[in-house]
Amino acid sequence: PVVTRQVNLIATDIGRSIADISTKMSNLDFINDIKGVLQTGKPLEKEISVDDSKAYLMRIVPYVRQNNQVDGAVVNFIDVTEIKTLNNTLAAVFNSSTSGIIAMQAIRDDNRSIIDFRFISANDAAKRLMKLEAIANSTYNGIYGHLDRRVFETYIHITETGETASFQFQNPATSRWFEIVGVKMMDGLVITFNDITEQKVASEKIAQGYEALKLTKDELENTNF
């Protein structure tokens, strides 16, 4: 009964060729997908949509008899509309943030010691701030291994202890200052960072101005004396 609502089937479709059955699904090459599973014996999963309002995960697996003979295919349609909507919302929030956000997963050796971090994802702001085109399949040491090792050690500490850390860091290659907050996420961490170079420069100018003013004050006092 459920599949009749999902793919526009009716009771009289039983016994008809699938090629003769129309569905409400877009981006679907139903016949060739089934043929591919029957020819390779490998299951297939793909996301499909219905009327641009519903999203389904279609899973096709071979139908195997007890004598191990493949005698067709079984097709499941799993409603993932809510998950898809939530993911789209999270992605919109993720990429609309003006703060850079990067998620990393720990890479461990045979002794379970962290030797590196693999980048999982980065939002648009992170790629812009760090001038990265893409980070897929990249590692922290592969990109930033030349930087101050104390940053890497801080990330290890966050992952191993679950403690949140906040610190400032200057990239020697660009002289830009960043304020970084790291939070543990599973066996890894998420860092959020902002470029604070302008604030840092402004603070230094204020400090220099204060020192100059203090020096002038002291000179005037000595002159009057």
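The values are calculated or read from the model by the stated rules, or taken from the named source; none is laboratory data. Fair warning: this is a prediction, and the values are worked out from it, not measured in the lab. Cβ: placed from backbone, ideal geometry, glycine included. Neighbour counts: every protein chain shown. For accessibility, only protein heavy atoms count, side chains too; no ligands or nucleic acids. Shrake-Rupley method; radii C 1.70, N 1.55, O 1.52, S 1.80 Å.
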Name the residue that is farthest from MET25 (Cα to Cα), counting only residues in segment 45-70 that are in a loop (DSSP other than H, G, I, E, B) and among the acidic types (Asp, Glu). ASP52
If you go through GLU179, GLU163, GLU204, the only one that is over 22 Å from the mean Cα position of the chain (by Cα) and either modelled with pLDDT of 80 or more or surrounded by fewer than 13 Cβ atoms within 10 Å (Cβ to Cβ) (or both) is GLU204
Out of everything in segment 1-34 that is within 24 Å of THR81 (Cα to Cα) and charged (D, E, K, R), what residue ends up being least open to solvent (accessible area, probe 1.4 Å)? ASP33
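Rundown of residues vs (1) among the hydrophobic types (A, V, I, L, M, F, W, C); (2) open to solvent by 60 Å² or more (accessible area, probe 1.4 Å), yes/no style:
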residue: GLY36; (1), (2): no, no
residue: LYS42; (1), (2): no, yes
residue: GLU45; (1), (2): no, yes
residue: ARG65; (1), (2): no, yes
residue: ILE83; (1), (2): yes, yes
Give all pairs with beta carbons closer than 7 Å in which a residue from segment 133-152 that is more than 20 Å from GLU179 (Cβ to Cβ) meets a residue that is at pLDDT 90 or above and open to solvent by 30 Å² or more (accessible area, probe 1.4 Å); count only pairs at least 6 apart in sequence or on separate chains. THR139/ILE107; THR139/ARG118
Within segment 87-107, restricting attention to residues that are closer than 30 Å to THR161 by Cβ and surrounded by fewer than 12 Cβ atoms within 10 Å (Cβ to Cβ), which residue is modelled with the highest pLDDT? THR98
Say we look at segment 119-132 and pick out the residues that are touching a residue at least 40 places away in the same chain (Cβ under 8 Å) and surrounded by 17 or more Cβ atoms within 10 Å (Cβ to Cβ); which of these is farthest from HIS157 (Cα to Cα)? LEU129
Looking at (1) assigned to a strand (DSSP E or B); (2) free of Cβ contacts under 8 Å to residues at least 40 places away in the same chain, can you tell me which one LYS42 breaks? (1)
What are the pairs with Cβ atoms under 8 angstrom where one residue, in segment 187-198, is in contact (Cβ under 8 Å) with a residue 24 or more places away in the chain and among the β-branched types (Val, Ile, Thr) and the other, located anywhere, is in a loop (DSSP other than H, G, I, E, B) and surrounded by fewer than 17 Cβ atoms within 10 Å (Cβ to Cβ)? Sequence gap at least six, or different chains. THR192/SER99
Are any of the residues in segment 19-32 more than 32 Å from the chain's Cα centre (by Cα), at pLDDT 80 or above and either β-branched (Val, Ile, Thr) or in a strand (DSSP E or B) (or both)? yes
